[in-house]
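Bear in mind that the values in this text are calculations on the coordinates, not laboratory data. Keep in mind it's a predicted model, so treat the numbers as computed, not measured. Cβ coordinates were reconstructed from backbone atoms using ideal geometry, including for glycine residues, and neighbour counts include every protein chain displayed.
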Amino acid sequence: ATPTALMVGTGRSAKMGILIKNGEVLEAANRVKTVVFDKTGTITAGHPQVTDIVGDTQVLQIAANLEVASEHPLAAAILAKAQAENVAVTAAKNFQAIEGKGVQATVDGQPAFIGNDKLIADYQLSADLRDRMTQLQGEAKTVVLVGVAERIIGLIAIQDAPKASSATAIAALKHRGLRTVMLTGDNQRVAQAIASEVGIDTVIADVLPGDKADHVKQLQADGPVAFVGDGINDAPALTTADVGIAMGSGTDIAIESGGIVLVKNDLMDVVRALELSQKTFNRIK
Ligand code: ADP
Ligand code: MG
């Protein structure tokens, strides 16, 4: 392709809100065989809402105290719920975020935690709570457990619905013969429920933030990979992929790591970027 053709391609795409950093990126997009998606904020809207609380009023109170210092999207959902319920919130002491698992801190002089079942491996979860957790996860809700002094006192379910265009975009990618994969730190059941809603072929769940790039490398064994993501923890996967596609709403580091940035955060623009690449590189040989 001539540089002029590339400029035309990228100039036109920029007007649609698809920013392409250079010609190599656009060319690589034409060779992609697999498109890998982060879940939260990429396939889903990234506006999680608390839907269910199992346990007494202490559950939300302690959860909110734990989450004050957290930057995780789940923390924002819990704090919004606490505010809506007029729960008084005071920041917990000794706050510690545990990557891909949750938060630990001291609340009212006692060790407390909130997070997934990887965080609580050493604690006993009652059969009742385990059943409720499984059921809520099957409804595509992320479940976090709340514990105080070695005892799990309840759980909170949080829902983050897919974006309106996610299912259409994934159908269009599959129609083009591409494989689609979801790569997420969330639980397998939740991830599978959302994947089914939007039609994703393959789910890789329970992935620790540091391991996303390794999964991209493994998928590259079957051909070039595009990775679509928005979070801090997506940056290594965005640079490892043959084509890194960042959401414009994403964190600065994700946007810097992407070769393509989707200003409108619309997954149909993944399809449009691949179509543009095909048009540009099949026309000029
Ligand atoms: P994602 O791929 O969805 O961005 P993360 O690696 O950020 O996933 O988090 C994975 C899981 O760790 C969450 O689904 C949740 O169960 C747990 N977790 C992480 N941070 C928190 C937090 N601040 N509060 C509660 N749970 C958390
Ligand atoms: Mg995300």
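Summary table
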{"read-out": "Matching residues, the range 53-73, being part of a loop (DSSP other than H, G, I, E, B) and within 16 Å of ligand 2 (Cβ to nearest atom)", "value": "Ser70, Glu71, His72"}
{"read-out": "Any hit, the range 28-39, residues being away from ligand 2 (no atom under 16 Å from the Cβ) and part of a strand (DSSP E or B)", "value": "yes"}
{"read-out": "Strands (runs of 3 or more DSSP E) within the range 115-233 that include 3 or more residues closer than 22 Å to Ile245 by Cα", "value": "179-183, 202-204, 225-229"}
{"read-out": "Any hit, the range 43-53, residues being free of Cβ contacts under 8 Å to residues at least 60 places away in the same chain and either within 10 Å of ligand 1 (Cβ to nearest atom) or of a type in the set (Lys, Arg) (or both)", "value": "no"}
{"read-out": "Hits in the range 145-175 (condition: over 15 Å from Glu197 (Cα atoms) and under 16 Å from the mean Cα position of the chain (by Cα))", "value": "Ile158"}
